[in-house]
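Here is the structure we will look at, set down as structure tokens.
The values are calculated or read from the model by the stated rules, or taken from the named source; none is laboratory data. Fair warning: this is a prediction, and the values are worked out from it, not measured in the lab. So basically every Cβ, Gly included, is an ideal-geometry build from the backbone, and we count neighbours across all protein chains shown. Please note that ligands, DNA and RNA were not included when accessible areas were found on the heavy atoms of the full protein model with its side chains. Shrake-Rupley method; radii C 1.70, N 1.55, O 1.52, S 1.80 Å.
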Amino acid sequence: MTTHEPVTGDELLNAVGPAFGKLRRSSLLEVADPMSPKDLGRTLVLNVVMEAEQRDAGEVTVGAVAEHLGVDPSVASRMVSDSIKAGYLVRAASQEDGRRTVLHLSDEGRELMARFRRHQRSAFEYITADWPEQERLDFARLMLKYVASQEALRQR
């Protein structure tokens, strides 16, 4: 079977979606300090909590996790419960409304996320090892710009 390299603008743009799908699946690459598939899945939830804390975006609830991940609240609840059982998240009473439960990273959760960031960087460096340095930096800059612009899609 021959592979057809996208050449035209339309072919390139049509190839982006499938490429993103492959990108997500390739996160399991066996690079330095590999992570279990279960912990990789947990990082989805932990990342929502960590980013909110870093942006000082207020309290994070299970509902906020569901909204951010685009999943049903019951799915988010199971994901959060799993992360709590694993020791990566803790529940606490809201400081704004004592009836509400909010989520915080535990020390173990922070360590897992630091390990995950090292894993991601290691994978990026391995995958782009033979790229010219300027292409690596351009790609990184454009990927960050793309992700930042994604928020506009969510808010429309």
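Do the conditions hold for residue 87, that is, is it more than 14 Å from residue 60 (Cβ to Cβ) and open to solvent by 40 Å² or more (accessible area, probe 1.4 Å)? Taking the combined requirement at face value, the residue does not satisfy it. When region 82-100 is filtered for residues that are under 16 Å from residue 43 (Cβ atoms) and among the polar types (S, T, N, Q), only 83 remains. Taken together, the residues in region 124-142 that are surrounded by 10 or more Cβ atoms within 10 Å (Cβ to Cβ) and assigned to a helix (DSSP H, G or I) amount to 12.
Within region 51-70, take every residue that is part of a loop (DSSP other than H, G, I, E, B) and open to solvent by 50 Å² or more (accessible area, probe 1.4 Å) and give me the one that is nearest to residue 41 (Cα to Cα). Filtering region 51-70 for residues that are part of a loop (DSSP other than H, G, I, E, B) and open to solvent by 50 Å² or more (accessible area, probe 1.4 Å), the one nearest to residue 41 (Cα to Cα) comes out as 70.
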